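**Q** Structure provided below as structure tokens; questions to follow.
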Amino acid sequence: MIRRARQSDVAFIHAILARFGREGRLLGRPLTEIYDFLRDFLIAEDASGAPIGVCGLHLCWENLAEVRSLAVLPEAQGKGVGTKLVEACCSEALTMGFNNVFTLTYRPEFFQSLGFRVVDKQLLPNKIWADCIKCVKFPNCDETALLLEM
């Protein structure tokens, strides 16, 4: 099941993003940011109701949203959880009138399988780089930018 994140999910979101951040798979987020952007997050639950994945949809600019912070527990990977989270974010973007969704990722093949295409990062508006300034890899980002035009 995919649902909106709640305050009780903050510890899970922080822990899984920190874990994947340490592994170099995504940009971890401080607790203050998770609280600030809690409305951005969706949670995937297993049959018992335990959280097994997270994904965020951040509204960036005119007709442009970002899918970010996608993380699924290792034991739940390969079962379509990540796909369902991204699809739910894209559906929400469309509902709000955002027809273009991008992501920055180390797993471009996953997003390509969902219809995203690789684009030059320079095509994205400067507004999206606000988070990047906080990254230890800035300005030498080695993530791949992908865009889905819906």
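**Q** Just name the residue that is modelled with the lowest pLDDT out of those in the stretch 1-38 that are aromatic (Phe, Trp, Tyr) and not in a loop (DSSP other than H, G, I, E, B).
**A** Step by step, filter the stretch 1-38, then rank; the result is PHE20.
**Q** Report the residue count in the stretch 22-45 for those that are more than 19 Å from LEU85 (Cα to Cα) and of a type outside the set (D, E, K, R).
**A** Result for the stretch 22-45: 5.
**Q** Within the stretch 57-67, work out how many residues are surrounded by 23 or more Cβ atoms within 10 Å (Cβ to Cβ) and either out of contact with any Cys (no Cβ under 6 Å at 6 or more places or on another chain) or without any contact (Cβ under 8 Å) to a residue 24 or more places away in the chain (or both).
**A** So the count comes out to 1.
**Q** Taking the stated definitions as given, is GLY56 out of contact with any Lys or Arg (no Cβ under 6 Å at 6 or more places or on another chain) and of a type outside the set (Lys, Arg)?
**A** no
**Q** Out of all the residues in the stretch 39-56, which are outside any helix (DSSP H, G or I) and surrounded by 14 or more Cβ atoms within 10 Å (Cβ to Cβ)?
**A** Within the stretch 39-56, PHE41, LEU42, ILE43, ALA44, GLU45, ASP46, PRO51, ILE52, GLY53, VAL54, CYS55, GLY56 meet the criteria.
The values are calculated or read from the model by the stated rules, or taken from the named source; none is laboratory data. Just so we're clear, the structure is a prediction, and the values are computed from it rather than from any experiment. Because the Cβ atoms are built from the backbone with ideal geometry, glycine has one as well, and the counts that use them run over all protein chains shown.
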